[in-house]
1. Mind checking which lysines have their C-alpha under 23 Å from residue 64, skipping anything on the same chain fewer than 8 residues away?
2. In a Debye calculation with equal point scatterers on the alpha-carbon sites of the chain and no solvent, what is log10 I(q)/I(0) at q = 0.13, 0.22 Å⁻¹?
3. Where the centre of each part is set by its Cα atoms, how far does the range 78-113 sit from the range 3-18, in angstrom?
4. Let me check I've understood the local charge: for residue 78, count other residues with C-beta under 14 angstrom from its C-beta, Lys and Arg +1, Asp and Glu -1. What total comes out?
5. Over the chain, what is the relative contact order in percent, taking alpha-carbon pairs closer than 8 angstrom and at least six residues apart?
Amino acid sequence: QVQLVESGGGLVQAGGSLRLSCAASGSIFSMNSMGWYRQAPGNQRELVARIFKIGTTNYADSVKGRFTISRDNAKNTVYLQMNSLKPEDTAVYYCYVNTYSNTYWGQGTQVTVSS
């Protein structure tokens, strides 16, 4: 069983940067992908970024070119570097790991971008 702990959220002004971390405990050897969804009040849950086992990445069009997902396999941790943040990036960001059998979720971390 996998547990995910997220950190790195906070309040930042537009144009600023944050780096989210998601640390996994337990084996994630069988992972398909890890990444983040986000959800703002009144909005649908949106896939922000993900990284696959082989290292391929996907990004939402809205963040492409501004966000970068990476991983440290030795630490069982993925990172989301968020640059040039916009107010519309404001949301709760939920880390996930998808394995061949289950999907596990972090507790969520609030990202607030002020104008």
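1. In chain and number order, the partners are 53, 86.
2. Debye intensities relative to I(0), on a log10 scale: -0.44, -1.23.
3. Result: 9 Å between the Cα centres.
4. +3
5. Result for the chain is 37 percent.
Each value in this text was obtained by applying a stated rule to the coordinates, not by laboratory testing. Computed from a predicted structure; not experimentally measured. Counting neighbours? That spans all protein chains shown, and the Cβs are built from the backbone with ideal geometry, glycine included.
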